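Quick note: the coordinates plus some simple rules give every number you see, no bench work behind them. This one's a predicted model, so the numbers in the text were calculated from it and none came from an experiment. Glycine also receives a Cβ, built like all others from the backbone with ideal geometry; neighbour counts cover every protein chain displayed.
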Amino acid sequence: MEAGPRDTEQHDVPPPQETAGRLSPDGPDEQDVAPEVEVELRPARRLRIWQLAPIIMLAAVGSLMFAFPLAFEFGDGGAVVAMLGLLISCCAAGWGMMAARRVGHTWPGLPARGSGDRLDWRVIALYVALGGGLVALAVWRVARLR
């Protein structure tokens, strides 16, 4: 028997007394060997909770820092705190996107890495317009604090 992570299936193997007559000096004939099933040794690539926890906590702190100065009057320092919170939230979003890309996830509408498919310019334009709109709204909201 071979040592290793292979899962061998036993298909209609005759009892040992019947195989004794069919053995060659080198071992069993090729017809008597059961087919082997290969098993992937590497675990599935996915994000674990210990990888996601710091990203989620950083995003939560950043969004609270952005939201509270906007919701309540904080005086002259409110705009600075809000922009710092926005920066922290954007850093957490970038960190999360890089972690997701590392395990093989892609943005909706974009091809998987290494697939050879071309990017659709309409999806890219939609993402750029959405991101630009969010940045414009955030800057406009923080500018209203002054």
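Computed from backbone phi with θ = phi - 60° and the Karplus coefficients 6.51, -1.76 and 1.60, the 3J(HN,Hα) list for segment 117-131 is 6, 8, 6, 8, 5, 5, 5, 4, 4, 5, 5, 5, 5, 5, x Hz; x is used for glycine and proline. Gain on full extension, evaluated as 0.36 nm per residue between V128 and A44 minus their Cα-Cα distance, stands at 27.1 nm. Work through the residues other than L119 whose Cβ is under 15 Å from its Cβ and net out their charges, Lys, Arg +1 and Asp, Glu -1. That sum, taken over residues with Cβ under 15 Å, equals +2. With K and R counted +1 and D and E -1, the other residues having a Cβ less than 15 Å from that of L110 yield a net charge of +2. Rg over Rh for segment 61-143 works out to 1.11, using Cα positions for both radii and the Kirkwood form for Rh.
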